[in-house]
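A short write-up of the structure that comes next.
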Number of protein chains: 2
Amino acid sequence: MKPVLLQQLTSIVGAAHVLTSGDLSAYERDWRGRMQGKALCVVKPESTDEVAQVVKACAAADAAIVPQGGNTSLVVGAVPDASGTQVVLNLQRMSRIRSLDKANLTLTAEAGCILHNIQQAATQEGLLFPLSLASEGTCTIGGNLGSNAGGTQVLRYGNARDLCLGLEVVTPQGDVWHGLSGLRKDNTGYDLRNIFIGSEGTLGVITAATLKLYPQAAAELTAWAAVPSMHAAVQLLGLAQQHLGAGLTGFEVMGEFALQLVSRHFPALPVPLWQTAPYCVLLSHSDTENEAHGNAQLERLLETALHQGCAADAVVASSLAQGRQLWQVRESISSAQAAEGLNIKHDISLPVSAIPDFVAHTDALLAREVEGVRLVNFGHLGDGNLHYNVQCPVGGNAADFLAVQEQHINTLVFEAVIKFGGSISAEHGVGSLKADSLHLYKDPVALQLMRSIKQAIDPQNVMNPGRVLAKKNPP
Amino acid sequence: MKPVLLQQLTSIVGAAHVLTSGDLSAYERDWRGRMQGKALCVVKPESTDEVAQVVKACAAADAAIVPQGGNTSLVVGAVPDASGTQVVLNLQRMSRIRSLDKANLTLTAEAGCILHNIQQAATQEGLLFPLSLASEGTCTIGGNLGSNAGGTQVLRYGNARDLCLGLEVVTPQGDVWHGLSGLRKDNTGYDLRNIFIGSEGTLGVITAATLKLYPQAAAELTAWAAVPSMHAAVQLLGLAQQHLGAGLTGFEVMGEFALQLVSRHFPALPVPLWQTAPYCVLLSHSDTENEAHGNAQLERLLETALHQGCAADAVVASSLAQGRQLWQVRESISSAQAAEGLNIKHDISLPVSAIPDFVAHTDALLAREVEGVRLVNFGHLGDGNLHYNVQCPVGGNAADFLAVQEQHINTLVFEAVIKFGGSISAEHGVGSLKADSLHLYKDPVALQLMRSIKQAIDPQNVMNPGRVLAKKNPP
């Protein structure tokens, strides 16, 4: 069977685009290096029609398909398992921007288009594509949509699903749904677009998307504030929403220890105010008028915050460069954590109003249960999304610590998340990594609905099997 | 079977809440009076648990269920057919606002809560629930979500689906999906929320929803401009988006004849500038600072527009009252049309950039094909949504005209819509009225996916059968 399939795939995309030997780790190993799989082959089609033919051939051979874009999944969602039987369907060759419509504020791109290239295409026309995340130089829009990526501007512009107006999708049967559309309103039936977005390649292959663009702001301003507590950070968020309205495009919180790690491992990078308060906050403001107006707006906000006591001290970046440097501090937390040693990552969300109590409860719980544990708490507070990460105690062996404690700590954190009405995966998705946890923490009726939909759209289970929905229910 | 079902329903909700006799037209006749159905009974549960029991009893008796809120569907989506066998499940007694969370900017309401009451609950806390439409004093949030309602502020805040963070749903099997959530990010599996939103009661019964709230603007400003062409209206929209950013909350276009009808049938209502240009535009601007700032912003925009020639003349409302009067002109078009006589309504959407060519093409086509036809063209231009309506020729008998021409005109308009990349239902949905048309104009793979989903979630076809998906495919 397999040689026949390989022959068929070769005749569809050409021999140069069916990879079976050599170093395939770029396709077989996940971004965080947690999983090294083995593919039957990597196939790289260059058109929607080729994707459809590839899917048909794989379905006929009953070979599982793993759709892959930039392979930057943080939950092991886009690499093959170790069986050597799965076909990696890599979309990087489908990287064209098909069109940009200025009057309609839309752009249509193929799935393999790198996020940064889409941002650039918008910028060149004086417009903005607001999806922005750490891996934007590598990740592709197909993967962003498949995983409903979040990032740093969700507070204002929403998640990836909120930025997409239409899709072109190859179904598990190899049919093409021509759903590209530049329409802001379309109530002709079920919302198929949002079924495929966030389904992590388990229901079909996104081959292209029509995306929303926005006018560029006249000025981008950044501020940094030290806040006396998480409660104060939430208060400051409310104040910022009231003062800046939709001008508020980002609101990040960073705990003292997270900033201490940046300061320790990147000594050349100035970290403001971190020793003065348990948390600091980073705010972005996009102003439609000009820099002076934006500055005045931010300063008025911060004065009110200082007066009300929800900020202890604050600075407004005096230049774009200084603003970027403040963001660099925020974005260096993950690298600083890595430099400090192996660690446990969480990507959780909660109602914003529940965050102060969640943090107080869970900080105390972990301190009690895991002696010497060090919490690296930071995230997109404006979206209720925390990266509530865990570093091993000082002087401990990180690998040993993870081996002994990771599952225990995950359980403690996830149970606290559920207790406070939250989600165990805010923006990274489920992939393979959280597929088993999903069965423990997700509403059983929701799981049953998900299974029914999977069965209806992909009855043969060829699309990314075992991701999102685990192969079997745990007992 | 039926007496048994009626007994069961009575024992679930109480005899007072199972209606079988008397004048049931409020439940059986649709909002526009196009359809008078006959129900087996109208059942009015007061809790989610009662809804679940009702659904279980109906499913066991194989009785079709028609979920109903305020019964304001414009596409005959919420009334029973004439068979006397369908159960109207009216949710008006489930009208509580369960909670409001100021720090999280969310409100949880039951499905039968009237839209206006939700707006008021938000206002009382100094917040905004931005969904706003003509029937807001009668329609319910369950119906708004079931039909993914649009309205006048979609440009800034999106459709109903964009304002909903979580749902509670009774499935066709009578199970309860507890999906209420105040989370802005949740990537734990398929997007069930958006499957139920816009499914028009064909996949389950929405019993409650968690909705997004926003800070109130500091000032609301309104402007009115005469524009020399539809092309100029689109240009002005682009300019307004650039100048006002997210401050632009509404952008409506109204054709000369639409305004002439308002002027004729509501002579006490001043209609500015309508005799000076083929189209007028109504803009709303929400300012986060104050009235003076908002005014200055609007005036700067309009000066630029006059200078660039995309506006011929313009006024800014000098007070909230005057602003409301301008909106009243816009909102009187439908009544003015009714006063002029029976007419044909369309609710179409197009890429904004395609609208000038679509209108030029379709205006000419209809003038050629239907002698003396009068077009009442108006709508939410900012969303690409036109109510491209048709009034019979001067002196004609409107009823005769509709009998002879309605289907022909629908076909001409729908074919033009598809030619220009649009949708035949922008915000009203499909219901019974457009279920047959859907089969002619929707992508066949999309239709097949919709059918698979319906079959997976409601295999017994008890939920609102024949709506959205027609009972049988037309040949």
Open item on the list: As I understand it, the dipole of segment A:324-475 uses +1 on the Cβ of Lys and Arg and -1 on the Cβ of Asp and Glu, about the Cα centre. Which of A:HIS380, A:GLN337, A:GLN391 lies farthest toward its positive end?
Closed with: A:HIS380
Open item on the list: Taking a cut-off of 17 Å, what percent of all Cα-Cα pairs in segment B:1-102 are separated by more than that?
Closed with: 50 percent
Open item on the list: What distance in nm lies between label points placed 7 Å from Cα along the C-beta direction at A:GLU369 and B:GLU369?
Closed with: 6.7 nm
Task: Size of electric dipole in segment A:72-230: Cβ of Lys, Arg +1 and of Asp, Glu -1, about Cα centre, debye, nearest 20 - done: 260 debye
Open item on the list: Under 19 Å between alpha carbons, and skipping anything fewer than 8 positions from A:LYS38 in its own chain: which lysines qualify?
Closed with: A:LYS2, A:LYS471
TODO: Please get the size of the charge dipole for segment B:1-41, origin at its Cα centre, with Cβ charges of +1 on Lys and Arg and -1 on Asp and Glu, quoted in debye to the nearest 20.
DONE: 140 debye
Open item on the list: Can you pull out the trypsin sites (Lys or Arg not before Pro) in segment B:407-475 whose DSSP state is coil and whose Cβ has at most 11 other Cβ atoms within 10 Å?
Closed with: B:LYS471, B:LYS472
- [ ] Compute the length gained on full extension between A:TYR441 and A:ASN290: take 0.36 nm times their separation in residues and subtract their Cα-Cα distance, giving the result in nm to one decimal.
- [x] 49.7 nm
Task: Relative contact order %, segment B:167-293, counting alpha carbon pairs below 8 Å whose residues are six or more apart - done: 30 percent
- [ ] For segment B:1-103, run through the trypsin sites (Lys or Arg not before Pro) and keep only the ones in DSSP coil with at most 16 other Cβ atoms within 10 Å of their Cβ.
- [x] B:ARG32, B:ARG34, B:LYS38, B:ARG93, B:ARG96, B:LYS102
Task: Inter-label distance, nm, simple model (7 Å from Cα along the C-beta direction), A:HIS408/A:THR20 - done: 4.9 nm
- [ ] Answer rounded, prolate or oblate for segment A:106-233, using the Cα gyration tensor with square roots of eigenvalues a ≥ b ≥ c: rounded when a/c is under 1.5, else prolate when a/b is larger than b/c, else oblate.
- [x] prolate
Open item on the list: Relative contact order of segment B:326-466, please, whole-number percent, based on alpha carbon pairs below 8 angstrom and at least 6 residues apart.
Closed with: 27 percent
- [ ] Please list the non-local residues whose amide H lies under 5 Å from the amide H of B:ASP313, H modeled 1.01 Å from N, same-chain partners needing a gap of 5 or more.
- [x] B:ALA226
- [ ] Using only the Cα atoms of segment A:182-319, build the gyration tensor, take square roots of its eigenvalues as a ≥ b ≥ c, and label the shape rounded, prolate or oblate: rounded if a/c is under 1.5, else prolate if a/b is larger than b/c, else oblate.
- [x] prolate
TODO: Just tell me how shielded A:444-456 is by partners: mean number of partner chain Cβ atoms within 10 Å of each residue's Cβ, no decimals.
DONE: 6
TODO: Post the alpha-carbon centroid distance, segment B:120-140 to segment A:257-330, in whole angstrom.
DONE: 36 Å
- [ ] Might you report the magnitude of the Cβ-based charge dipole of the protein assembly as shown about its Cα centre, with Lys and Arg at +1 and Asp and Glu at -1, to the nearest 20 debye?
- [x] 1640 debye
Task: Relative contact order %, chain A, counting alpha carbon pairs below 8 Å whose residues are six or more apart - done: 15 percent
Open item on the list: Quick test of the membrane-span-like rule: which DSSP H helices of chain A reach at least 15 Å along their long axis (C-alpha atoms) with mean Kyte hydropathy at least 0.5?
Closed with: A:2-13, A:48-60, A:230-244, A:398-419, A:444-457
Task: Average other protein chain Cβ within 10 Å of Cβ, residues A:434-443 - done: 2
- [ ] Using R₀ = 56 Å, calculate the FRET efficiency as 1/(1 + (r/R₀)^6) where r is the Cβ-Cβ separation of B:HIS361 and A:VAL394; round to 0.05.
- [x] 0.15
Task: Selection from B:ASN71, B:GLY201, B:TRP31 lying farthest towards where the dipole of chain B points positive, charges on Cβ - done: B:GLY201
- [ ] Express in % the proportion of alpha carbon pairs of chain B at distances exceeding 38 Å.
- [x] 27 percent
Task: Sequence-distant lysines (8 or more away, or on other chains) whose Cα lies within less than 21 Å of A:LYS185 - done: A:LYS102, A:LYS212, B:LYS212, B:LYS345, B:LYS419, B:LYS434, B:LYS442
Open item on the list: Given the DSSP H assignment, sum -39500 (n - 2.57) over each helix run of at least 4 residues in chain B and divide by its residue total; what's the result at 222 nm in deg cm²/dmol, nearest 500?
Closed with: -11000 deg cm²/dmol
- [ ] Work out the charge dipole of the protein assembly as shown with +1 on the Cβ of Lys and Arg and -1 on the Cβ of Asp and Glu about the Cα centre, then indicate which of B:GLN275, B:GLN322, A:THR10 is farthest towards its positive end.
- [x] A:THR10
Open item on the list: What is the distance in Å between the Cα centroid of segment A:337-369 and that of segment B:41-103?
Closed with: 42 Å
Task: segment A:346-475 - Debye-derived log10 I(q)/I(0), Cα point model, q = 0.17 Å⁻¹ - done: -0.95
Task: Cβ-defined net charge surrounding A:SER286, 10 Å radius [Lys, Arg +1; Asp, Glu -1] - done: -1
Open item on the list: I'd like the mean, over residues of B:238-249, of how many other protein chain beta carbons sit within 10 Å of each residue's own Cβ.
Closed with: 4
TODO: Please check chain B for the longest run free of GluC sites (Glu not before Pro) that are loop-located per DSSP (anything but H, G, I, E, B) and have at most 16 other Cβ atoms within 10 Å.
DONE: B:126-370
TODO: Would you please give the FRET efficiency between B:GLN36 and A:SER99, computed as 1/(1 + (r/R0)^6) with r the Cβ-Cβ distance and R0 = 60 Å, to the nearest 0.05?
DONE: 0.80
Open item on the list: Taking a point 7 Å out from Cα toward Cβ as the label site, list the nm distances between A:THR123 and the same residue in every other copy, smallest first.
Closed with: 4.4
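Where a number appears in this text, it was derived from the coordinates with a stated rule and is not lab data. What you are looking at is a predicted structure, and each value in this text was computed from that prediction instead of being measured. So basically every Cβ, Gly included, is an ideal-geometry build from the backbone, and we count neighbours across all protein chains shown.
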